[in-house]
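Working notes, beginning with the structure itself.
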Amino acid sequence: MKALRALADRVRKAFFANTWLSFALWFAAAAAMGALLFWFLGYMSLGESQAPVYEGF
């Protein structure tokens with residue numbers, strides 16, 4: 001438990017420090033979220049209307 005808390009503190013310190021590493025971490029996180037959003041909205045085509053159920057029979 002102590003090691004996990006120490007790791008969380010190190011990650012928190014890295015993300016909220018005023019360094020280039022902090023910028024790179026935030027940029028990577030934002031890019032990953034943007035890619036996930038693109039995958040859901042663009043690639044998965046969730047907004048398209050579906051075919052009726054009876055069409056397969």
*Among the numbered criteria (1) modelled with pLDDT under 95; (2) open to solvent by 100 Å² or more (accessible area, probe 1.4 Å), which single criterion is violated by Phe27?*
(1)
*Using beta carbons and a limit of 7 Å, which pairs, at least six apart or on different chains, have the first residue in region 1-19 and within 17 Å of Ala29 (Cβ to Cβ) and the second one part of a helix (DSSP H, G or I) and of a type in the set (Ser, Thr, Tyr)?*
Ala14/Ser22; Phe15/Ser22; Phe16/Ser22
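The values are calculated or read from the model by the stated rules, or taken from the named source; none is laboratory data. What you see is a predicted model, and the numbers here were worked out from it, not measured in a lab. Note that each Cβ is placed from the backbone with ideal geometry, even for glycine, and that neighbours are counted across all protein chains shown. Ligands, DNA and RNA are excluded from the accessible area calculation, which covers all protein heavy atoms including side chains. Shrake-Rupley method; radii C 1.70, N 1.55, O 1.52, S 1.80 Å.
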